[in-house]
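Values quoted throughout were computed directly from the atomic coordinates according to the rules given, and no laboratory measurement underlies them. Quick caveat, the model's predicted, so the values are computed rather than measured. Glycine also receives a Cβ, built like all others from the backbone with ideal geometry; neighbour counts cover every protein chain displayed.
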Amino acid sequence: MDAHLQTFIQQLLNGVVWGSIYALIALGYTMVYGILRLINFAHGDVYMFGAFMGYYAARLFHVDQRPGVMGTILVFACSMAAAGLLGFLIERGAYRELRKGSRTVAYMIIGTAIFAAFNGAALHLAGGAAVLFGAAGFVAGGIGGVFLERNKRHAPSTSRLTALITAIGVSLLMENGGLLVFGADPKFFPQILPSRELNLGGIMVNSSLLIVLGVALFLMFALRFLVMHTRAGKAMRAVSFNRDAASLMGIPTDHIISLTFVGGSMLAAAAGILVGLANPKIDPLMGIMPGLKAFVAAVLGGIGNIPGAVLGGLIMGISETLVVAYVSSTYRDAIAFALLILILLVRPAGLLGTHVAEKV
Amino acid sequence: MLEIRGLDVYYGAVHALKGVSVRVEQGEVVTLIGANGAGKTSLLRAISGLVKPRAGSLKFEGRELGGMEPHDIVKLGLSHAPEGRQIFANMSVHENLELGAYLRKDSRGVHDDQERIFTLFPRLREREKQGAGTLSGGEQQMLAIGRALMSRPRLLLLDEPSLGLAPILVREIFKTIREINQDGMTVLLVEQNAHLALKAANRGYVLETGTVKFEDEASRLASNEEVRKAYLGG
Ligand SMILES: Nc1ncnc2c1ncn2[C@@H]1O[C@H](COP(=O)(O)OP(=O)(O)O)[C@@H](O)[C@H]1O
Ligand SMILES: [Mg+2]
């Protein structure tokens with residue numbers, strides 16, 4: 001086979017692998033957006049959290065010493081369960097309060113996040129002092145929230161902006177919390193599955209790439225099946241389409257919203273481990289860039305649209321890989337923003353999006 | 001069966017319902033008529049828990065509904081076909097009916113009820129696998145009513161089922177409402193088409209800017225001079 005073609009196919013495969021990881025993260029953005037019209041900026045950090053939970057599970061159960069299929073499944077299960085719980089708590093603690101009209105929790109989060117960000121950026125406080133500092137932000141935010149709520153009637157027009165800021169607050173909180181708990185130094189994700197180079201008709205492929213691709217595809221099809229054919233999946237589609245009408249069917253909409261966060265977070269955690277398999281360096285800020293790119297992928301495909309998220313993720317991964325391979329690695333991150341600008345100019349609803357619905 | 005007393009509903013500063021009292025007895029068709037903006041939809045939304053009243057009591061079969069979540073109210077045997085139909089246009093006719101039966105576990109009963117709805121509205125059977133968004137306005141209204149019936153309610157709330165439909169379809173819908181009622185369903189019917197609504201109902205309420213202006217037997221309301229002037233075109 002022609003050497004150029006060989007490299008091209010290899011790169012394409014790399015692109016598809018990265019694309020499927022972006023797609024898994026993008027699914028969480030799009031599911032949450034579909035149901036709440038909220039961009040959950042903390043989603044990239046859930047992916048980071050998933051990678052760390054996978055790391056700790058692998059060490060706890062010694063999968064790093066005895067790589068194997070059962071161990072890998074265990075690592076996935078632990079990490080996805082922990083991230084699902086985190087997603088549940090994020091929705092319950094932050095977004096649900098906002099939805100019900102209370103903004104105190106939102107202010108607490110924002111306050112903590114601002115202090116945490118100062119801590120991370122400027123002060124570099126160590127363990128105990130940083131926690132105290134964060135707690136001070138929490139209290140200050142809480143007092144501010146109660147005060148504001150007492151003095152100003154709930155203004156629905158600002159609630160979307162509040163939700164957005166809260167989402168950014170949760171994200172900052174998780175990143176700084178991660179720095180505090182996991183440490184700022186990168187960790188090496190252990191090899192939990194044996195891997196080797198395979199020769200597929202002249203194209204050299206690492207077996208772990210195929211595993212990444214296989215697991216990602218499996219999860220995407222599983223999600224599609226759940227959403228299209230199960231009772232909970234149908235309820236989810238109904239709530240996304242019209243929350244009031246869904247509640248008139250007897251659907252407990254709050255539970256379905258929780259379930260959406262749990263499901264999206266589990267997929268993000270899986271993506272975190274898959275990244276660990278393909279590119280074994282993890283750190284508390286690892287969620288920022290992939291989170292942003294997956295968000296762009298979701299917009300590219302049409303935010304709120306599940307197949308769109310997969311398509312957008314693949315386009316993102318492939319174009320990024322090809323640009324790095326054939327143009328310059330300087331543009332690795334720029335391509336995401338170029339794609340975002342392009343789609344917003346040409347087709348703002350996204351490739352598979354039909355219309356941009358406003359949720360009232 | 002349903003007893004509403006002194007209900008107050010606000011949207012921010014807008015006072016939509018001002019001390020409204022309405023009663024529905026088992027087996028009745030009760031209609032609620034009034035001009036656009038009178039508060040008819042708000043009353044139905046308060047009954048099914050979509051808006052939280054600020055004051056007053058809402059009792060269904062002796063149980064207080066105030067503070068309950070909409071999905072728990074459905075469990076008590078109340079079903080609401082909302083204004084503007086609000087079918088799930090992204091799903092098939094079958095899936096819409098299936099969602100109407102979301103709380104039910106008896107799949108055989110659900111299947112039988114779907115058959116019954118197809119007998120009531122044969123056009124829905126022809127379109128069972130079709131996307132609900134592709135249905136005509138009349139078919140969507142049939143689907144909205146059918147979907148509401150799928151939970152096997154004892155009280156059915158209908159919000160302007162005739163809205164935007166051709167006269168022949170309007171008559172068909174009203175005929176079906178009477179049929180459903182003859183099978184034992186209690187109905188609270190909100191309508192702007194006062195003429196047909198008063199014909200179909202046993203009793204009626206006239207709502208004006210958030211308060212009950214008249215309440216009487218439907219036939220007596222239909223011959224009331226003021227009601228005729230304001231709502232029946234003289
Ligand atoms: N979501 C809302 N926000 C603010 N005002 C509302 C809302 N819904 C209804 N209203 C107001 O409440 C009043 C009653 O409306 P509605 O119950 O829809 O009346 P009807 O169904 O009789 O046309 C109207 O003045 C309307 O403008
Ligand atoms: Mg109305």
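Shape analysis of chain B based on the Cα gyration tensor places the equivalent ellipsoid semi-axes at 28, 21, 16 Å, largest first.
If R0 is 45 Å, the Cβ-Cβ spacing of residue B:226 and residue B:63 corresponds to a FRET efficiency of close to 0.80. With neighbour counts taken as other beta-carbon atoms within 10 Å, the residues B:205, B:10 rank, fewest first, as B:10, B:205.
Among DSSP bridges having both ends in the protein assembly as shown, what percentage is antiparallel? Round to the nearest 5.
60 percent
Local charge sum around residue B:159 (other residues, Cβ-Cβ under 15 Å, Lys/Arg +1, Asp/Glu -1)? Charge balance near residue B:159 sits at 0. Can you give me the angle between helix A:207-229 and the longest principal axis of chain A, using Cα atoms only, in degrees from 0 to 90, rounded to the nearest 10? Taking Cα atoms only, the helix is inclined about 50 degrees. Placing a label point 7 Å from the Cα of residue A:5 along the Cα-to-Cβ direction, no residue of region A:178-220 has a backbone N closer than 11 Å.
I'd like the distance between the alpha-carbon centres of region B:6-56 and region A:1-53, rounded to an integer number of Å. If we compute the Cα centre of each part, the gap is 49 Å.
Measure nothing fancy, just the Cα-based angle from helix A:253-278's long axis to the longest principal axis of chain A, in degrees from 0 to 90, nearest 10. So the helix axis and the longest Cα principal axis differ by about 40 degrees. Just so you know, the Cα atoms of region A:163-227 work out to an Rg and Dmax of 18.6, 52 Å. Across A:89, A:198, A:277, mean-square fluctuation computed from a Gaussian network of chain A (C-alpha pairs under 10 Å connected) peaks at A:198. Dividing the mean sequence gap of close Cα pairs (under 8 Å, 6+ apart) by how many residues region A:39-93 holds gives a relative contact order of 43 percent. As a length-normalised measure over Cα pairs under 8 Å and 6 or more apart, the relative contact order of chain B settles at 28 percent. As a calculated quantity, the FRET efficiency between residue B:55 and residue A:139 at R0 = 30 Å, using C-beta atoms, amounts to about 0.25. Bridgeable aspartates and glutamates around residue B:18 (alpha carbons under 18 Å apart, same-chain partners fewer than 8 residues away excluded): B:3, B:8, B:208, B:215. Put a dot 7 Å past the Cα of residue B:178, heading toward its Cβ, do the same for residue B:104, and the two dots end up 2.6 nm apart.
Nearest 10 degrees, 0 to 90: what angle lies between the long axis of helix A:104-118 and the longest principal axis of chain A (Cα atoms)? It is inclined by approximately 60 degrees.
May I ask you to sort B:126, B:208 by Cβ crowding, counting other Cβ atoms within 10 Å and putting the fewest first?
B:126, B:208
Mean sequence separation of contacting Cα pairs (under 8 Å, at least six apart), scaled by the length of chain A, corresponds to a relative contact order of 35 percent.
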